[in-house]
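Novice: One structure is given below, represented as structure tokens, and several questions about it will come after.
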Amino acid sequence: MIKTLKSPIILTVVFVVFSLFILFTPEQAAAQTGVWQSCETGTLYCGIGWNYSMGYQFTPTKNGQITKLCGQFSGTKSVRLYNSAYSILASAYVTSSNSWSCTSLPSAVNVSASQVYYVVVELAGSGGCYRSGTAFPQTCQGVTINTSVYQTPSGTFNSSHSAQTSYMYGIADVVFVETTVSSYALSVSKTGTGSGTVTSSPSGINCGSTCSASFSSGTSVALTASPASGSTFTGWSGEGCSGTGTCTVSMTANRSVTANFNTITYTLSVSKTGTGSGTVTSNPSGINCGSTCSASFSSGTSVTLTAAPVSGSTFTGWSGEGCSGTGTCSVSMTANRSVTAEFTSHPCQEHNVSGWAWAENIGWITFNCLDRSCPPQITK
């Protein structure tokens, strides 16, 4: 009987292959075949009475869609598509007689490259098939089959399932069609304390204001960063870009790049000289010298310094950075700056001339130094 059936089977296969050749391009013809069906290996056994959910875990290498759910078993079984969180994305009843059969989904299910999915058949205690002598992982039609999976009882499938790499259990399958994308989005973000602009070649991004644009798939986009006055560009991050040169991105997927701009700062230092003492403060704040005699300010900032002598001292003037006299000192922070403030003590303060004294023919008298007058004026 086996010999009698051989010729019709060969004729049927030749006819199907010939039909596919006429109706479809090679890529379209491949898309009509299940992923595992296209590269199945090992020895097939059928008629197993397993009360299991069985199938395989897979990861697409490209973005695409699942258009059909398939199976190789005996009877009508429920075939389900799960995501990595074990939520059902699609299900369909497939009728098979130990040969491959597929059911088209009402709506194709989008699947993403590098994400994990599962396809399983609910065997419900009868009609199971399996293949021995397989080896996973195995990549077929742009999909990597990672392991065969199984869990009991039938109808149950979650994180408690088991995995097998040398058998294919079930058997369930999917038809995967790669999604053709004509363009991808490139997004630029800016970080840091400074500011600047990022432009692209070919044009599309001028960030500034336009920080996202779409480019044709496969386009090589060069990004250039230009810091604003008073800022410096410190480097790229994202999509393999680094350093301060041009960032080149290949648009084979949506891309995101970050440019970091920081404010340029300069240091203003104040020193004090003279016999007196006092405090120098700044506006904007930062210096209170006193104790804090150095501070950093953003490039281009105009800093005003004010000197305040303590009691018994006089502020006698500024030196450095073009400042002089006893008024305020204004410094433009376009470079590191250094200013000196001089404070002088009063002469009478130095001699501490005050007190009581006995004067012959006069009696007791008081004496003190009025303002800076020395020698002291004596009063009765």
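Novice: Go through the range 205-216 and count every residue that is outside any strand (DSSP E or B) and in contact with a strand residue (DSSP E or B) (Cβ under 9 Å, 6 or more places away or on another chain).
Specialist: Residues that pass the stated criteria total 3.
Novice: Pull up the range 327-348, narrow it to residues that are assigned to a strand (DSSP E or B) and without any contact (Cβ under 8 Å) to a residue 40 or more places away in the chain, then point me to the one that is farthest from T301 (Cα to Cα). Explain how you work it out, then say what you get.
Specialist: Step one: of the range 327-348, the residues assigned to a strand (DSSP E or B) are 329-332, 337-345.
Remaining after also requiring without any contact (Cβ under 8 Å) to a residue 40 or more places away in the chain: 329-330, 332.
Working: C329: 14, S330: 10, S332: 6 Å.
Going through the qualifying residues, I end up with C329.
Novice: When you look at T180, is it closer than 27 Å to S112 by Cα, without any contact (Cβ under 8 Å) to a residue 60 or more places away in the chain and more than 23 Å from the chain's Cα centre (by Cα), yes or no?
Specialist: Criteria met by T180.
Novice: Looking at S242, S291, S285, which one is without any contact (Cβ under 8 Å) to a residue 24 or more places away in the chain, assigned by TED's automatic domain parsing to the domain that holds S214 and over 17 Å from A335 (Cα atoms)?
Specialist: Of the residues listed, the single one that is without any contact (Cβ under 8 Å) to a residue 24 or more places away in the chain, assigned by TED's automatic domain parsing to the domain that holds S214 and over 17 Å from A335 (Cα atoms) is S242.
Novice: Turning to a different aspect of this structure: Looking at (1) surrounded by fewer than 17 Cβ atoms within 10 Å (Cβ to Cβ); (2) farther than 25 Å from S166 by Cα; (3) not acidic (D, E), find the lone condition where S84 falls short.
Specialist: Status for S84: all satisfied but (2).
Novice: For residues that are polar (S, T, N, Q), in a loop (DSSP other than H, G, I, E, B) and touching a residue at least 40 places away in the same chain (Cβ under 8 Å), tally how many sit in the range 294-326.
Specialist: 1
Novice: Let me ask something additional. Right, Q141: in the same structural domain as A172 (by TED's automatic domain parsing), modelled with pLDDT under 95, in contact with a Phe, Trp or Tyr (Cβ under 8 Å, 6 or more places away or on another chain) and surrounded by 19 or more Cβ atoms within 10 Å (Cβ to Cβ) or not? Reasoning before the result, please.
Specialist: Working: in the same structural domain as A172 (by TED's automatic domain parsing): yes; modelled with pLDDT under 95: yes; in contact with a Phe, Trp or Tyr (Cβ under 8 Å, 6 or more places away or on another chain): yes; surrounded by 19 or more Cβ atoms within 10 Å (Cβ to Cβ): yes.
Against the criterion (in the same structural domain as A172 (by TED's automatic domain parsing), modelled with pLDDT under 95, in contact with a Phe, Trp or Tyr (Cβ under 8 Å, 6 or more places away or on another chain) and surrounded by 19 or more Cβ atoms within 10 Å (Cβ to Cβ)), Q141 qualifies.
Novice: So A253 fits all but one of (1) part of a strand (DSSP E or B); (2) hydrophobic (A, V, I, L, M, F, W, C); (3) within 30 Å of F58 (Cα to Cα); what number is the exception?
Specialist: Tallying (1) part of a strand (DSSP E or B); (2) hydrophobic (A, V, I, L, M, F, W, C); (3) within 30 Å of F58 (Cα to Cα), A253 fails exactly one: (1).
Novice: Hey, another quick one. Give the residue that is surrounded by the fewest Cβ atoms within 10 Å (Cβ to Cβ), with candidates limited to residues of the range 150-178 that are in contact with a Phe, Trp or Tyr (Cβ under 6 Å, 6 or more places away or on another chain) and under 19 Å from Y86 (Cα atoms).
Specialist: Filtering first and then ranking leaves N158.
Novice: Sticking with this structure for a sec: Among the residues of the range 79-106, count how many are in contact (Cβ under 8 Å) with a residue 12 or more places away in the chain and in a strand (DSSP E or B).
Specialist: Step one: of the range 79-106, the residues in contact (Cβ under 8 Å) with a residue 12 or more places away in the chain are 79-84, 86, 89-105.
Narrowing the set further to residues that are in a strand (DSSP E or B) leaves 79-83, 89-97, 101-105.
Of the residues in that region, 19 qualify.
Okay, residues lined up against (1) among the small types (G, A, S); (2) part of a strand (DSSP E or B):
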position: S189; (1), (2): yes, yes
position: V198; (1), (2): no, yes
position: G218; (1), (2): yes, no
position: T224; (1), (2): no, yes
position: T234; (1), (2): no, yes
position: E239; (1), (2): no, no
position: G243; (1), (2): yes, no
position: T258; (1), (2): no, yes
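Novice: Considering each residue of the range 283-336, count those that are within 27 Å of T193 (Cα to Cα) and in contact with a helix residue (DSSP H, G or I) (Cβ under 7 Å, 6 or more places away or on another chain), and give that number.
Specialist: 0
Novice: Still on this model: How many of the residues in the range 59-78 are buried (at least 22 other Cβ atoms within 10 Å of the Cβ) and assigned to a strand (DSSP E or B)? Before you say what the answer is, go through the steps one by one.
Specialist: Let us first name the residues in the range 59-78 that are buried (at least 22 other Cβ atoms within 10 Å of the Cβ), namely 60, 64, 66, 68-73, 77.
This time we only want the ones that are assigned to a strand (DSSP E or B), so: 60, 64, 66, 68-71, 77.
The number of residues fulfilling the criteria is 8.
Novice: Filter the range 318-335 for residues that are out of contact with any Ser or Thr (no Cβ under 8 Å at 6 or more places or on another chain) and hydroxyl-bearing (S, T, Y) and give the result.
Specialist: Scanning the range 318-335 gives a single hit, S324.
Residue-by-condition table, conditions (1) surrounded by 19 or more Cβ atoms within 10 Å (Cβ to Cβ); (2) within 20 Å of the chain's Cα centre (by Cα):
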| position | (1), (2) |
| --- | --- |
| T244 | no, yes |
| T248 | no, yes |
| A253 | no, yes |
| S256 | no, yes |
| G276 | yes, no |
| P284 | no, no |
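Novice: Now, a different point. Within the range 171-199, restricting attention to residues that are of a type outside the set (A, V, I, L, M) and touching a helix residue (DSSP H, G or I) at 6+ places or on another chain (Cβ under 9 Å), which residue is nearest to N146 (Cα to Cα)?
Specialist: Here the answer is D173.
Novice: What about S148, is it under 31 Å from the mean Cα position of the chain (by Cα), assigned to a strand (DSSP E or B) and among the polar types (S, T, N, Q)?
Specialist: Criteria not met by S148.
Novice: Do we find that S160 is part of a strand (DSSP E or B), farther than 30 Å from F215 by Cα, modelled with pLDDT of 95 or more and of a type in the set (S, T, N, Q) in this structure?
Specialist: The answer is no for S160.
Novice: Another one. Which of the residues spanning the range 123-138 are surrounded by fewer than 22 Cβ atoms within 10 Å (Cβ to Cβ), of a type outside the set (S, T, N, Q) and part of a strand (DSSP E or B)?
Specialist: Across the range 123-138, the qualifying residue is only R131.
Novice: If a residue has to be surrounded by fewer than 21 Cβ atoms within 10 Å (Cβ to Cβ) and in contact with a strand residue (DSSP E or B) (Cβ under 6 Å, 6 or more places away or on another chain) to count, how many in the range 101-121 make the cut?
Specialist: So the answer is 9.
The values are calculated or read from the model by the stated rules, or taken from the named source; none is laboratory data. Since the structure is predicted, the reported quantities are computational estimates derived from the model, not experimental observations. Glycine also receives a Cβ, built like all others from the backbone with ideal geometry; neighbour counts cover every protein chain displayed.
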